[in-house]
Amino acid sequence: MWSESDHHSILSDNPFVEVELDCCSFLQEKMELWDKNMKTTEVVFEAVLPVLKLLSMALIGLLLSHPKIQMIPKPTLRLLSKLVFFLFWPCLIFTHLGPVISVKKFIQWWFVPINVVISTAVGSVLGFFVALICRPPPEFFRLTVIMTAFGNTGNIPLAVVSSVCHNEDNPFGGTCYDGIAYAGFSQWVSVVLVYTLIYHMMEPPLEYYEVVEEGTEIEELTDLPTGNENDLSTPLLIEAEWTGIEDQRTEHCQTPLVATIFNSISDVSQSNIPDIESIREMPSSPRSYGCLAEPKVVRKIRIVVERTPINQILQPPLTATVLAIVIGIIPQIKATVFGSDAPLDFITDSLAMISNGMVPAVMLVLGGMLWEGPNESKLGLRTTIGIVVARLLILPLAGIGIIYLADKWNCLIADDAMYRFVLLMQYATPSAILLGAIASLRGYAVGEASALLFWQHVFGLVSISVYIFIYFKLLVTLF
């Protein structure tokens, strides 16, 4: 009778058996390598396909807005951008955020708005180093920091997520469209940052303003867009994301208010600078009549706050976000508005159908904006390259490290790949198009902001494709 040891002894002494075993192991290794390469190819295809869809729509917009074709002339693109801002974008946020949000999820999603603040802070540090290394003209130092820090957290992440989820073979499964809710949930903090921090950081430098007061003609201040819709000389990007912001121009929006208040400079001409003393003595402030004098620092901060256009913060996308959250966290109202059995389901279904036009419209407007080309810029080639590299290449790498640490510290929702993907995308987008509108509103570096936005969106088509591929791989292996 053969024992097991005799059987192994015969197999080990037989050279033909050894060759056959080696061939089997070799074939197995080759098959595993082939499967691995096929999976990598699939990941590459899944990463590139969404951007190719967006790029195709942008190219259609670019071709149709060509001066020789003029199927979509500039006034039409302006009206289309208004439709995006006032209708498509709010409908998309409302119909995807409302059904998903609840009190529990409102608490679980706390890291989404915090991540916007973190990405802005990290981007500010990067922008500061870019300004120190590249040495832009002194009046554009703050612009360098801002354009590196503040990314597009609105229509581009929504467009990317929608394009990814449109593919049935996407890696996120049935919960893919929750990414639109995550992106919409971050809208409120972005708007608050724009109308407070960014608004004041984009004010004209005091020295720059002083030159204007001496009578020198400065093109950026004398030839500013008026906000008139019929003024076709206004760059399309000014209204591409935040339509109507030009209409919010006030008497003092193009004056260096913060620098005037906090700097004790006696030799600056005050002819067009706000009368600070008259502001301090406004009758609406009862502190002026109190027994105790108001501290100077507190008074200066109060004046700045009073001149901040915080009353304009409720723009249509933010209104849709707030409305969706309020309805979503109240079960009784939510059951009436959202769901197949809801009495008002026909309204939300109609809004969902309207929202389908958001992504094509955004990309058509973007294509028309890119056709205009970059404006003339005094920023310098070195600084422009520095901002593009920092914003599109370095910041996304920093974002990977931040999200990885947040995941290790249990700050993120467990086993939700789309949640992590949206957080990572907040670091990979180009600068917000809204910065071009703010620059025009404040009369500061309009041409430079326009040129930077143009080049960032051109190179962003490549960088976003690369980082989507990296994110897909990391979401499978690392997170």
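The values are calculated or read from the model by the stated rules, or taken from the named source; none is laboratory data. Quick caveat: nothing in here was measured; it's all calculated off a predicted structure. Glycine gets a Cβ as well: all are built from the backbone with ideal geometry, and neighbour counts include every protein chain shown. When the accessible area is computed, the model is the full protein with side chains, heavy atoms only, and any ligands, DNA or RNA have been set aside. Shrake-Rupley method; radii C 1.70, N 1.55, O 1.52, S 1.80 Å.
With just the Cα atoms defining each centre, how far is the range 407-479 from the range 326-363? Give it in Å. Each part reduced to its Cα centre gives a spacing of 27 Å. Amide H contacts of Gly151: Ala432, each under 5 Å away and 5 or more positions distant or on a separate chain (H built 1.01 Å from N in the peptide plane; Pro and chain starts excluded).
Cross-link pairs exceeding 32 Å between alpha carbons, from the set Lys68/Lys473; Lys68/Lys378; Lys53/Lys378: Lys68/Lys473; Lys53/Lys378. Our estimate of slack between Val462 and Leu63, defined as 0.36 nm per intervening residue step minus the Cα-Cα distance, is 141.7 nm.
What is the diffusion coefficient of the range 324-478 in µm²/s, taking the Kirkwood radius over Cα pairs and the Stokes-Einstein relation at 20 °C with a viscosity of 1.002 mPa s?
114 µm²/s
Residue separation of Asn356 and Ile133 scaled by 0.36 nm, minus their Cα-Cα distance, works out to 75.9 nm of gained length.
Among 76-83, 379-386, sorting by the average number of other beta carbon atoms lying within 10 angstrom of each residue, highest first, gives 76-83, 379-386. Modelled label positions at Leu381 and Lys473, each set 7 Å beyond Cα in the direction of Cβ, lie 3.2 nm from each other.
Remark: spin-label model distance Glu372-Gln108 equals 4.2 nm, labels positioned 7 Å along the Cα→Cβ axis. Of the solvent-accessible surface of the range 74-140, computed with a 1.4 Å probe and all protein chains present, 79% belongs to carbon and sulfur. Taking every pair of alpha-carbon atoms in the range 325-403, give the share separated by more than 19 Å as a whole percent. More than 19 Å apart: 69 percent of the Cα pairs in the range 325-403.
Across all Cα pairs in the range 100-199, the calculated P(r) in 10 Å bins from zero up to the longest distance comes to 14, 35, 29, 16, 6, 0 percent per bin.
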